[in-house]
Amino acid sequence: MIANKKYFLGVSFALGFFTLLPIMALFHYAFFPEGQFSLTGMIQIISEKQTYRLLSQSLKLGGWVVLGTLVISFPLALITTKTKLRNYGWLDILFTLPFMTPPYIGAMGWILFMQKNGFLMQLFPKLSGLSAPFFSLFGMVMIMSLHLFPTFYLMLKNSMLTLEGSFQEAAKIYGKNSLFNWVRISLPLLIPSFLLGALFIFVKTLAEFGTPVTFGTRIGYNVFTTEIHTNLASWPVNIPKATFLSLVLFVLCFVLWLIQVKVIQRFVYGTVSGATKEFTVTTNKWVHAVSIVFVILLFLLAIGIPYFSILMTSLMTVRGDGLVFSNLSLVAYRQLFTNQNGGFSAFLNSFLFAACTGVITATLGFFAGIYIYKGTRYSQKVVDFFGLIPNIVPGIVLVVGLMLFWNTSWLPVSFYNTKAMAVITYCTLFLPYAIQYVKNNMLQLNESIFEATDVFSRTKLGAFTHIYFPLLKRGVLTGMMMTFIISMRELVGSLLILPPSVETSATFIYRQFEQGNVNTGMAMAVVTIIITCIFVIAIEKSKK
Amino acid sequence: MKMKKLGVLMLGIVALAGCTGKASESNTETTSKANETTNTEQENLAGKEITVYSAGPDGLSEKMKVAFEEKTGVKVNLFQGTTGKILAKLEAEKGKPLADVLVLASLSSMDSLKQAGELQAYPEAIGKDKLNVDWTDADDFYFGYSASALGITYNTKNVTEVPKDWSDLANETWKETFNMPDPSLSGSALDFLYGYTSTDQGWDMLTSWFENGMQIMGANKSALDAVITGEKNATISGVDYMAYKAKADGEPIDIVYPESGTVVSPRAVGITKTAKEVSASQAFVDFLLSDEGQNLVADAYLLPGNSEIAVKDRASLEEIQQIKVEWKDSEDKQVEVLQEFGSISQQ
């Protein structure tokens, strides 16, 4: 294993440059306002009533979304493992799409569909009563659950798949009926997956900005992320307050992460064994029918409705005329591609930034992933933690930190207000994805390969180019495509750090809404979604 | 001697080209002088770069940038955002200031920047004499190059009885069918709030709107968008130029200025204290105040700062019943008004 001190320092500096600096800048700004340690600002925020309202609203939202994703994911995981539908592998690809769709776009789609005189009312005037109850916490939870459920679902499904086999066989021999077996044996073994999934969704919800800023502001439901953004980006500006709120959010998410680590240590058993992987598949007709209905319904809610709204809006000429055939045209797309309002250059920028981010994170992820490997040694854990920070800390917190750091006056060179700043921000935010894919890929390789490499490879470079890279190529590439996709749609960082005259597709969409050119914004959204789909399919293909 | 000849020649051209009988002799003389200075400056300016933070409207900022770049050869880095975003960006960049020119949609914010010593004066600004005195700083730190009036924007499909005054929206018939942009996100909505609540009935009226189900909805465009799609029937303190533009695009939208008077919100341009390219920045200000710039302003359905410039497809300033508002030194009071508004809206 490549694990000397120089390598450790190199990797930790590289990761720390992206992830640790902004956090340190945040702490420095918060606790050393005039070069001297002070707690007054923090105490003031902690003693404010509003902080508690934000806290309770954020937590409440998190709790409900966990429940919402569970209600969707658990039945879906059962359906794709226990019924005949498990043969349709493309369902998994289909149901990763909602997660790949930028949340603010999905939320916009829902708003356009449900609002008074929206698409729902135009199509089914009798259902107009649904509009008012939808614009409430319920609607927000539903939108966010429909966006976040894929990760929870895949987690549950994977553990259900690995659970089968010997456990199930033992249960068959010693247990009673299969339902009883399932409740008494399989379900308890799934508890860690439930816990981890729930914590993951909870943190994701706390960190989410897109849906709260589009839907939440409309129903007057503020959470930490939106409040931080408001304090940073609208008059009267309050940077210290944004920083302190960021710190509160940081601490909250950090604690949740610690709990998650404990859960893994205590509850995760080795459930994978070499034994048979026989599945009990129900053939009951009724179960089959209900499953199909469930999948179709979920498809309609998670993909059908938001995508329909987005597409229709992008095709409308006069928005006030509504859904009439004569009102549909490709004007918005033409405006986009002829670069009116700078749409096309925004798109190119996004593409460029995302590509750079993909390459940088993949390179870093490759070296870091090899170093971390199984993460048993202390130094490996340190590197692992550096790389994990963006997964623990909400994006907006990191962005605040990055802004503070790169604006410090003593820096001789600053990337702030250059395009490079966008790449740095995206790298910071999405580094964990790249590392994760390499790490997972490594774990699948046999130990003996690494031992042989250590013994036989003449130079380190040779080991990297001839052994590690060819073996890990798939993980590196998947990680790269993943970071590319999410960089293409990044919003919160881009809104705050992009230099003048520079826009990305996400900020373009956001600004088109601000400026009232909703159809051009939606046309851009459609293009972004199509590109995303192509990459998602490419990732799936590369797995085979 | 040559210069003099040139001057005479130009004087002739100017007189021929544009000046109708109205222009007095002294006026033509200043114009020709102005042209000379811009001409000599142009040579030095080409290749320079300035950063402009501009609070829309989008199309206008972009057109200004292009026209100015063509004319002078100066490259403009344009950041477009709401007034709030620009002020936020300035604050965040205090360590390393970047902006040379600020074009804000709120005079009171601009005035507070002046008070804080963030701006530099430009007494030689060409064309400042023609500007509306109420919108421009007497010490030449900023210039009111345009304004927008706030009215009631309504959906022409849904509204049969057009409201005549603010009080109409407090009626039962309007219950829960109207909104207002969030004054903490929209500088013009804050200007309206500040101006309107300075009148006797202001706060009472605001409360009765809330009681009648007024919804607060994002910045100007979000509020307007709800009216365009028919989700709401009307917007209080709708920005007029946006309404006129949507109307020109064929949307079922129109705007009315209430009889009892409304707020006209001036928009101002100024040069930052930290501007690196002062002469190029000054040229940009001159351009905004020039007839060419002012015509672009009018094309964007804004009220030009120079009232001699004819407005296009919209009500002129004289046709709008105005509430008199004192913008100078108003920032602190605006914060108070905003807080008061916040506490009422959360009830």
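Considering every residue within region A:117-136, establish whether at least one is of a type in the set (Phe, Trp, Tyr), in contact with a Phe, Trp or Tyr (Cβ under 6 Å, 6 or more places away or on another chain), part of a helix (DSSP H, G or I) and buried (at least 21 other Cβ atoms within 10 Å of the Cβ).
No, because not a single residue in region A:117-136 is of a type in the set (Phe, Trp, Tyr), in contact with a Phe, Trp or Tyr (Cβ under 6 Å, 6 or more places away or on another chain), part of a helix (DSSP H, G or I) and buried (at least 21 other Cβ atoms within 10 Å of the Cβ).
Of the residues B:Ser109, B:Ser146, only one is of a type outside the set (D, E, K, R) and either surrounded by fewer than 21 Cβ atoms within 10 Å (Cβ to Cβ) or over 16 Å from B:Leu288 (Cα atoms) (or both); which?
B:Ser109
Any idea which residue in region B:209-239 is surrounded by the most Cβ atoms within 10 Å (Cβ to Cβ), counting only those that are part of a loop (DSSP other than H, G, I, E, B) and not polar (S, T, N, Q)?
By that ranking, first place goes to B:Lys232.
Pairs only if they're at least six apart or on different chains, beta carbon under 6 angstrom, first in region A:394-420 and closer than 13 Å to A:Leu26 by Cα and within 11 Å of another protein chain (Cβ to nearest Cβ), second outside any helix (DSSP H, G or I) and not charged (D, E, K, R); list them, first residue then second.
Correct list of pairs: A:Trp406/A:Ser414; A:Trp406/A:Phe415; A:Trp406/A:Tyr416; A:Asn407/A:Tyr416; A:Asn407/B:Gly95.
Would you confirm, using the coordinates I've provided, whether B:Val335 is part of a helix (DSSP H, G or I), in contact with a Phe, Trp or Tyr (Cβ under 7 Å, 6 or more places away or on another chain) and of a type outside the set (Asp, Glu)?
no
Looking at the structure I just gave you, is A:Phe149 crowded, with 22+ Cβ neighbours inside 10 Å and either assigned by TED's automatic domain parsing to the domain that holds A:Tyr307 or in contact with a helix residue (DSSP H, G or I) (Cβ under 9 Å, 6 or more places away or on another chain) (or both)?
yes
Within region A:229-247, can you find the residues that are closer than 23 Å to A:Met140 by Cα and away from chain B (no Cβ under 12 Å)?
Within region A:229-247, A:Leu245, A:Ser246 meet the criteria.
Any residue in region A:514-526 that is within 14 Å of chain B (Cβ to nearest Cβ) and in contact with a strand residue (DSSP E or B) (Cβ under 8 Å, 6 or more places away or on another chain)?
Yes, region A:514-526 contains at least one residue that is within 14 Å of chain B (Cβ to nearest Cβ) and in contact with a strand residue (DSSP E or B) (Cβ under 8 Å, 6 or more places away or on another chain).
If you take the residues in region B:227-237 that are at pLDDT 90 or above and within 8 Å of chain A (Cβ to nearest Cβ), which one is farthest from the chain's Cα centre (by Cα)?
Out of the qualifying residues, it is B:Lys232.
Just the residues that are at pLDDT below 90 and more than 14 Å from every other protein chain (Cβ to nearest Cβ), please, taken from region A:209-223.
A:Phe209, A:Gly210
Would you be able to tell me the number of residues in region A:39-81 that are under 22 Å from A:His229 (Cβ atoms) and part of a helix (DSSP H, G or I)?
21
Which count do you get for residues in region A:503-528 that are at pLDDT below 85 and outside any helix (DSSP H, G or I)?
The qualifying residues number 2.
Might you let me know whether region B:182-202 holds any residue that is in contact with a Phe, Trp or Tyr (Cβ under 9 Å, 6 or more places away or on another chain), surrounded by 16 or more Cβ atoms within 10 Å (Cβ to Cβ), closer than 30 Å to B:Ile253 by Cα and without any contact (Cβ under 8 Å) to a residue 40 or more places away in the chain?
Within region B:182-202, one or more residues are in contact with a Phe, Trp or Tyr (Cβ under 9 Å, 6 or more places away or on another chain), surrounded by 16 or more Cβ atoms within 10 Å (Cβ to Cβ), closer than 30 Å to B:Ile253 by Cα and without any contact (Cβ under 8 Å) to a residue 40 or more places away in the chain.
Select from region A:159-206 the residues that are of a type in the set (Lys, Arg) and modelled with pLDDT under 80 and write down the one among them that is farthest from the chain's Cα centre (by Cα).
A:Lys176
If the requirement is being within 14 Å of another protein chain (Cβ to nearest Cβ), among the charged types (D, E, K, R) and surrounded by fewer than 21 Cβ atoms within 10 Å (Cβ to Cβ), which of these qualifies: B:Glu124, B:Glu161, B:Glu93, B:Glu172?
Only one candidate passes the filter, namely B:Glu93.
If I ask for residues that are in contact (Cβ under 8 Å) with a residue 40 or more places away in the chain and within 30 Å of A:Leu364 (Cβ to Cβ), which ones from region A:29-41 would you list?
A:Tyr29, A:Ala30
Give the residues of region A:73-92 that are among the hydrophobic types (A, V, I, L, M, F, W, C), under 25 Å from the mean Cα position of the chain (by Cα) and closer than 17 Å to A:Leu297 by Cβ, sorted by residue number.
A:Phe74, A:Leu76, A:Ala77, A:Leu78, A:Ile79, A:Leu91
The values are calculated or read from the model by the stated rules, or taken from the named source; none is laboratory data. Predicted, not measured: the structure shown is a model, and the values here were computed from it. Here Cβ is always computed from backbone atoms with ideal geometry, including for glycine, and neighbour counts include all displayed protein chains.
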